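Report on the following structure.
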Amino acid sequence: MNTRLASVLCIALAAAPACKKSEKSGPAVARVGDEVITADEVRQRLNETSPFLRARYSTIERKKEFLENMVRNELLAQEAIRQGFDKSPAVREQMKRAMIQELIKRQLDAKLSGSDIPDEELKKFYEAHIDEFVKPERARVLHIFLPATDAKQRAEARKHAATLLKDIDGREKKGEVNAFQSVAMKESKDPLSAPMGGDLRFLSKDELAKAYNPELASAAFDLKNPGDKAGPLDTPAGVELVKLQVKTVALSRTLDESKESIRQRMARERRSRDYDEWVKKLREGTKVTIYEQELEKIQVEPAAPPPGPSAQSGINVHPPLQAFPTGSPPPAQKVFPAGSPPPAQKAPPTAASKIGGN
């Protein structure tokens, strides 16, 4: 936090007796009233800019330009204090937020890099969350199930499934993208997936084999492209049609490949825990009273209705008519020779052209 912000915070929060002017280091490069701007302050501000912009300030002329911005800000800050803006509730609220950010930064963010987390802890996290780093290939498929308990029923089911597949193909060619789902909802005898259009959600090959059967799993994972279909397919309980929606590639990340992401995640989670515990202790050490009756009386203003089309576009649909004194004719219109273009109109000054202009 810079000296100016620190001093304004002291004034705004009526804590002047507890605040001392923070020590500055480095030689003075400017003085604005009683406030000194040091070389270290300029260097710090320069270091806060991006490397691309920082490279611009290598000459004395550019450094003067940068310093002039700091002088201007200091002048404005001093004038704001003279006019009492440091006592404004809105300013005090902003300053309170700035103090909270600085407090949290110093209290919690020092360990945010996670550099102090030992490799053994990283390994434990990796092993406890192995499913996040090693994942098998998964597929989301649709299926239509027709039960069959004997050879005769199986033959009829295969014939019916072939008819359904032909119907689905024809409807898809006509542009009905959800033809398979529509047929599954009507024809499939799987009570769990039929209401969802035959959707089996994302499953690995092993999960699909365990939940249904190996034949369905093999057929589904043999499909290569979204939209591919297979069947009629004989399975232990009957005949099935299957359609591939999408596949996810397998993931296999070693501990060494995952260390940095694990370190950052553990540091963030630790910071969150430390923050909660810290705030809990602060609350336990401070008397906090909530007046619910008064809280309930607070009226929340409803959101303003959205502006109409003309307001959104910034176009005045009905511009006002120009009035002229009674009995006086409107100003004469200039007439230009035939075939000659009218003189170019001078563009109105933009906001950018006014800044720093004459």
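Here are a few things to note about the model shown:
- Within straight-line cross-link reach of Lys280, lysines at Cα separation under 29 Å, skipping those fewer than 8 residues along the same chain: Lys96, Lys105, Lys111, Lys124, Lys297
- Put Tyr291, Tyr57 in order of accessible area, highest first, and with a 1.4 Å probe you get Tyr291, Tyr57.
- Restricting region 32-137 to GluC sites (Glu not before Pro) in coil, as DSSP defines it, with at most 15 other Cβ within 10 Å: Glu48, Glu137
- On full extension, the segment bounded by Leu251 and Lys123 gains 44.3 nm, given 0.36 nm per residue less the C-alpha separation.
- Measuring against 18 Å, Cα to Cα, the residue pairs Lys24/Lys87; Lys135/Lys247; Lys205/Lys229; Lys189/Lys243; Lys123/Lys259; Lys166/Lys186 contain Lys24/Lys87 as the ones spanning a longer distance.
- Calculated FRET efficiency for the pair Glu215/Lys173, C-beta based, R₀ 30 Å, to 0.05: 0.60
- Heavy-atom accessible area with a 1.4 Å probe sorts Met99, Met196, Met266, largest first, into Met196, Met99, Met266.
- Whether region 60-110 is rounded, prolate or oblate, judged on the alpha carbon gyration tensor where a/c under 1.5 counts as rounded: oblate
- Spacing of the modelled spin labels on Ala98 and Glu301, each 7 Å from Cα toward Cβ, amounts to 2.7 nm.
The values are calculated or read from the model by the stated rules, or taken from the named source; none is laboratory data. Computed from a predicted model, the values in this text were never measured in an experiment. Because the Cβ atoms are built from the backbone with ideal geometry, glycine has one as well, and the counts that use them run over all protein chains shown. Protein only, heavy atoms only, side chains kept; ligands, DNA and RNA dropped before computing areas. Shrake-Rupley method; radii C 1.70, N 1.55, O 1.52, S 1.80 Å.
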